[in-house]
Amino acid sequence: MTKEELEQKQSSDITPEVIGSERAILERTWDNGKGFYAWLTDCNHKSVGIRYIVTAFIFFVMSGSLAVTMRTQLMGPENRILGPDMYNQFFTTHGTSMMFLFAVPVMLGMGVYLVPLMIGTREIAFPRMNLYSYYLFLFAGILLFVALILNIGPDAGWFAYVPLSGPEFGIGKRVDVWSQVVSITEISALAVAVNIVVTIFKQRAPGMSLSRMPLYVWSMLVTAFMIIFAMPAVMLSSTLLSMDRLSKVSTHFFNAAEGGDPLLWQHLFWFFGHPEVYIIFLPATGFVSMIIATFARRRTFGYTALVMSAIATAFIGFGVWVHHMFATPLPQLGQSIFTASSMLIVIPNGVQIFCWVTTLWLGKWNIKAPLVWIFGFFGIFVLGGLTGVMLASVPLDTQLHDTFFVVAHFHYVLIGGGIFPLFGAIYYWFPKMTGRMLNNTAGVVNAVLMFIGFNMVFFPMHILGLDGMPRRVYTYATETGWGNLNMLATIGAYVMAIAAIVFVVNVVYSFLRGPIAGDNPWGADTLEWSVSSPPPTYNYQYIPEIEGPNALWDMTKDHAVVTGLHLYSRELLHTTIHDASPEKRHQTHGPSIFPLLTAIITAGGFITFMFTPWSVPTAMFLSAVCLFGWFWSNSTQHRPPFASIKDNLIYDDGGVPREVAI
Amino acid sequence: MKRRQPARGVLFIAAGLVASSCGGRQSAVDAAGIQAERLESLWWIFFWVTAVVYVVVMVLLIVAFFRNKRSNEEERPDTIPDPTRENRATRIVGGAVAITVITLFVLMITSFRAGRAVNSLGEKPPDLSIKVTGHQWWWEVEYQDEGNPSNNVTTANELHVPIGRTVKIMLQSNDVIHSLWMPNLHGKKDLVPIYPTTFYFEADKPGNYWGQCAEFCGYEHAKMRIAITAESPEDFQTWLNAGRRTPPPPSDGTVESRGRDIFLQSVCAQCHTVSGTNAAGRVGPNLTHIAARPYIAAGSLQNTGENLEAWITDPQHIKPGVYMPMNQYSDDDLLALTAYLKSLK
């Protein structure tokens, strides 16, 4: 195209009439339809993200009620509210569900919703695979809780150590339910991880080079890579376990009598299990960075240090798993190496804490509910991190391991480090997701109640653990003297439950009646705050060019935008990995029923594998059929024909063309 | 010890509640032996260091809360912060990171040294070897006499050790993974099938302590306890000698003798051993000297006549899921049976 042609084209650009007519066309192109069928097939990243978050919170409430019931059982010695059978099912389901059905999916759901918006693209890289992953996650959750209701809930712990979970001691189908829930959710998590990596690498708005990426996007990128390396280990172990257990297959991977090895399970499981906690924690660090920057009204101090810390955490996180096995008969020297690596990981986490505290120290505070949750995060997470230093020491761990001290420790890091920032993030992004503000006062009350309740539940557990109370016990003798502190913990659990009710009421009420939020109610920096609340299906009519390390705070009034993306098909802009300079246009996909069908086949295949090995070839054949339909409907000739106004991608900078890309 | 007491006070006061009867029977911060003492002092080192770090971070945030200016969402964000302030902050953060690294290094070396010290006992030959086997959900304890295996003493859910002597514990499991934890004496060690393992400890303070299974092992994980008695070597030897004796058979015609007959003729003998009789079952605990034990059902019940009766009749009520079946005896038979068991001293 010659320069004259370009300028001629340009002259017709971005007048109010053009904006209006183009918006109307975009609305139609990106419309997902209405009705039940459209709801089943809608694969827009925002719909899927919100579904992920809502579903995960429902599982959170369900497994939280299990926890409250367990606390009621432990309230006094020799209680008989839950017998050992129910208690074991409850704590296994609580752990499995909180890890696999709440903490990871909710973080991924937030990522699925926020990452495309924050990097300035119209859609996630593989929207249909995204929808597929959601359905798998949903089916796994239904499987777990239906099994619990039918009294075949897993009862060998969320870690399912063999031989207790093996065919000899784990009778019935209970452990099979666990292993299939794990396999299904991990497929789902892997699909999201791939999606997020590709989206971040290829779809950032022009000018958003890696060094300008918001810290939350960095944290999701690192998390996604961790998932890609960690989840296969647990899928492998859960698959080996279900093969050991299935009577017609009866492999002996973990069967000591036939040369299998019970410690192999622990290695495989914790090689996944420890990175898992960073998979939950790292997205939360992203929330913390975002919220602190917005409410301290300044750029985050130590951007590079924070990015490097996240990456370092990810690397070291894969080298610490043996600290879960310090009591096993492993060689001493090998264990010492894991003491060193477990202490090493404190350094990047320390750097993160220092950078956030410094940001707050140098800022002017706008104290609103999200920031209050972050204060709670500091108060709890720092303590949890410090007890983690204790657990890294082999000799000390032999006293603390598998006691209530450890229960206290990991709830401090997971609830303090994951859930408090998450609640802060919900208060922060709720206006963007729904267009309405959450009630601020209720949010502060919510945070304070949660903080008090949390410390009432979990602080006493440190002392109980030192006082000899092991984990996973359904009761204890009166003479142990553990009754008082357990009673305190149980009262705290009810306070936490009240805090959760305040949250639910606030969300429901504000969703219906809350004050309307503007585009940017917090005066925040990242790109998602430049579009309407809630954002249009296509997110950005004109993708802005990023001009500095702060997306909106650095944005000038007449900044450049991208024009020329196809109006009549769902088109995305691909940019280069490092500099995010425009590379090509890419057509993405709209609603389809095949993700749902394939998810039904996949989940069905895993569930029937509890009973027969024939489920594997059957499910493979059926999913091949589904995937055929899926890819067939993907191919271009089945899409609406081109009727483009503009063929080329142009930066529009107030009428002067600057760059052309194809 | 003086240094430690106030620290424990701090910890307990912080919780606002002191466990009512922490009489030192089951606690990692109430050491009764040299190994546990080293672990306890390691704990207090870690406790104080981390407590200081926590307080510093919290004080910084609280000071910032009071000294920092307030703003609102209209406030112009600081996108190009003052470079002198930023540089000073960078130096301070760098210093904090350096202190962190040094602290961690010191803690790591302290931990290695403590670990070596705890394990150093195994370098000399032990005075006593005890084999502990984990079962769902009880402990089989076998005092071994390498010179003369007929002197071996098998008991269950109780451990007697002489003070001031090196004790070698050999651990094994034949079913699932258990973990033997005697917090007042030593850290825990897992009993993993096909991985027999050992540890060494020494008890210094006489007294009664509790140990408990620390690795989840199924239904009755909560009720898998072991009663530990640390006593003078003389008392220990008396106890051991009593254990080596076969209890004399009850005289004919007594209620104990009827109880023995019931024991041998009903299901009891299929699972339990009583030396000197035909009962040689290995599924359940050895009952040769059951009357001398303070507890039954792996520390769940005191060893009284009523508890024995309740346990024999309906163990599923006391320990749901336990492998011992319910037994129906007439009142007379039950009385005779418990009388027999109480005679097994």
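Scanning the stretch B:314-329 for residues that are of a type outside the set (A, V, I, L, M), surrounded by fewer than 16 Cβ atoms within 10 Å (Cβ to Cβ) and under 19 Å from B:ILE262 (Cβ atoms) turns up B:ASP314, B:PRO325, B:GLN328.
Report, by residue number, each residue of the stretch A:149-186 that is within 11 Å of A:SER238 (Cα to Cα) and charged (D, E, K, R). Answer for the stretch A:149-186, where residues must be within 11 Å of A:SER238 (Cα to Cα) and charged (D, E, K, R): A:ASP176, A:GLU186. If you go through the stretch B:102-153 and keep only what is loosely packed, with under 14 Cβ neighbours inside 10 Å and farther than 21 Å from B:LYS168 by Cβ, you end up with B:ILE102, B:PHE105, B:VAL106, B:ILE109, B:ARG113. Within the stretch A:299-312, residues that are at the interface with chain B (Cβ under 10 Å from one of its Cβ atoms) have Cβ atoms under 8 Å from residues that are surrounded by fewer than 19 Cβ atoms within 10 Å (Cβ to Cβ) and of a type in the set (S, T, N, Q) in these pairs: A:ARG299/B:THR79; A:GLY302/B:THR90, counting only partners at least 6 apart in sequence or on another chain. The single condition from (1) facing chain A (nearest Cβ under 7 Å); (2) surrounded by fewer than 14 Cβ atoms within 10 Å (Cβ to Cβ) that B:ASP82 fails is (1). Does the stretch A:564-574 include one or more residues that are in contact (Cβ under 8 Å) with a residue 40 or more places away in the chain, touching a Pro at 6+ places or on another chain (Cβ under 9 Å), over 26 Å from A:PHE631 (Cα atoms) and surrounded by fewer than 19 Cβ atoms within 10 Å (Cβ to Cβ)? No: the stretch A:564-574 contains no residue that is in contact (Cβ under 8 Å) with a residue 40 or more places away in the chain, touching a Pro at 6+ places or on another chain (Cβ under 9 Å), over 26 Å from A:PHE631 (Cα atoms) and surrounded by fewer than 19 Cβ atoms within 10 Å (Cβ to Cβ). Filtering B:ARG245, B:ARG225, B:ARG258 for residues that are within 13 Å of B:LEU159 (Cβ to Cβ) and of a type in the set (Lys, Arg) leaves a single hit, B:ARG225. Looking only at the stretch A:374-402, residues that are touching a Pro at 6+ places or on another chain (Cβ under 7 Å) and over 19 Å from B:ARG38 (Cα atoms) come to 3 in all. Number of residues in the stretch B:214-243 that are within 21 Å of B:PRO193 (Cβ to Cβ) and within 7 Å of another protein chain (Cβ to nearest Cβ): the value is 8.
Name the residues in the stretch B:63-79 that are surrounded by fewer than 12 Cβ atoms within 10 Å (Cβ to Cβ) and of a type outside the set (Phe, Trp, Tyr), would you? Listed by number, the residues that qualify are B:VAL63, B:ARG67, B:LYS69, B:ARG70, B:GLU74, B:ARG76. Report whether or not A:LEU82 is assigned by TED's automatic domain parsing to the domain that holds A:THR478 and part of a helix (DSSP H, G or I). Considered against the rule, which asks whether it is assigned by TED's automatic domain parsing to the domain that holds A:THR478 and part of a helix (DSSP H, G or I), A:LEU82 comes out as no. In the stretch A:556-595, counting only strands (runs of 3 or more DSSP E) that sit wholly within it, the ones holding 1 or more residues that are under 30 Å from A:LEU136 (Cβ atoms) span A:571-575, A:582-587.
In the stretch B:210-241, the residue that is surrounded by the fewest Cβ atoms within 10 Å (Cβ to Cβ) out of those that are part of a strand (DSSP E or B) and among the polar types (S, T, N, Q) is B:THR229.
Residue-wise test of (1) surrounded by fewer than 24 Cβ atoms within 10 Å (Cβ to Cβ); (2) more than 28 Å from A:TYR412 (Cα to Cα); (3) under 26 Å from the mean Cα position of the chain (by Cα); (4) within 11 Å of chain B (Cβ to nearest Cβ).
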| residue | (1), (2), (3), (4) |
| --- | --- |
| A:HIS462 | no, no, no, yes |
| A:TRP482 | no, no, no, yes |
| A:ALA499 | yes, no, yes, no |
| A:GLU528 | no, yes, yes, no |
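A:TYR540 satisfies every condition listed in (1) within 30 Å of A:PRO116 (Cβ to Cβ); (2) hydroxyl-bearing (Ser, Thr, Tyr); (3) surrounded by fewer than 22 Cβ atoms within 10 Å (Cβ to Cβ) except (3).
In the stretch B:182-209, which residues are within 7 Å of another protein chain (Cβ to nearest Cβ), assigned to a strand (DSSP E or B) and under 12 Å from the mean Cα position of the chain (by Cα)? Those that are within 7 Å of another protein chain (Cβ to nearest Cβ), assigned to a strand (DSSP E or B) and under 12 Å from the mean Cα position of the chain (by Cα): B:GLY187, B:LYS188, B:LYS189, B:ASP190. A:THR339 falls short on exactly one of the conditions (1) polar (S, T, N, Q); (2) more than 7 Å from every other protein chain (Cβ to nearest Cβ); (3) surrounded by 24 or more Cβ atoms within 10 Å (Cβ to Cβ), and that condition is (2).
The values are calculated or read from the model by the stated rules, or taken from the named source; none is laboratory data. Computed from a predicted model, the values in this text were never measured in an experiment. With ideal geometry, Cβ positions are generated from the backbone for all residues, glycine too; neighbour counts draw on all protein chains shown.
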